[in-house]
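The values are calculated or read from the model by the stated rules, or taken from the named source; none is laboratory data. Because the structure is predicted, anything quoted here is derived from the model rather than measured. Note that each Cβ is placed from the backbone with ideal geometry, even for glycine, and that neighbours are counted across all protein chains shown. Surface areas here come from the heavy atoms of the whole protein model, side chains and all, with no ligands, DNA or RNA. Shrake-Rupley method; radii C 1.70, N 1.55, O 1.52, S 1.80 Å.
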Amino acid sequence: MKKLFIGLLILAAGAGAYYFLQKKKNETSADIEKELLVGKWKMGSINLSPRDSATAFVPGIMSPGDSTLSKSQFHFQKGGTFLQTYNDPLQNDTSYYEWGKKNKLMIKGSAKDSTGDIYSVNKLNIDSLILQSQDSTVFVLTKLK
């Protein structure tokens, strides 16, 4: 009788753990509040993936070895305009963004472009943004007040 009771307890614990883990997976894939993207952001850190072949956030502008990276700001505006500003106004650049399916963010050089760099938005809240490139490079941005 003890063995049966212990077996049922183990089975119940396993079922509970399975339910908890499945529920947690479903919560992380939920849609994010896209309106929170609008505003000024600064680069907090970059975690490069060994598989990263492009190593670019905005094509031709910012590479991980860029010394101005920590000084640049990113301003996502309503309507899909994306400004990257530096201390030197001659280096400022305008790009465009649009939302795709399943929390994907596409950054492109022109509003009419049909292709661009696609990033998964892993986290977007009132003060932090975590983007992951297709090559698994992770960009951590913090919102400026």
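Results for (1) over 13 Å from the mean Cα position of the chain (by Cα); (2) charged (D, E, K, R); (3) open to solvent by less than 60 Å² (accessible area, probe 1.4 Å), shown as yes or no for each residue.
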{"position": "74", "(1), (2), (3)": "yes, no, yes"}
{"position": "85", "(1), (2), (3)": "yes, no, yes"}
{"position": "88", "(1), (2), (3)": "yes, yes, no"}
{"position": "108", "(1), (2), (3)": "yes, yes, yes"}
{"position": "111", "(1), (2), (3)": "yes, no, no"}
{"position": "116", "(1), (2), (3)": "yes, no, yes"}
{"position": "123", "(1), (2), (3)": "no, yes, no"}
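Within segment 75-93, being at negative phi and at pLDDT 90 or above holds for 75, 76, 77, 78, 81, 83. Tell me yes or no: at least one residue of segment 97-115 is more than 15 Å from residue 43 (Cβ to Cβ) and of a type in the set (Phe, Trp, Tyr). Yes, there is a match, as at least one residue in segment 97-115 is more than 15 Å from residue 43 (Cβ to Cβ) and of a type in the set (Phe, Trp, Tyr).
Do we have any residue at all in segment 59-66 that's charged (D, E, K, R) and at pLDDT below 80? Yes, some residue in segment 59-66 is charged (D, E, K, R) and at pLDDT below 80. Cβ separations smaller than 7 Å between residues 6+ apart or across chains give the following pairs from segment 102-116 residues that are closer than 15 Å to residue 37 by Cα to residues that are open to solvent by 30 Å² or more (accessible area, probe 1.4 Å) and assigned to a loop (DSSP other than H, G, I, E, B): 103/31; 103/32; 106/100; 106/116; 107/116.
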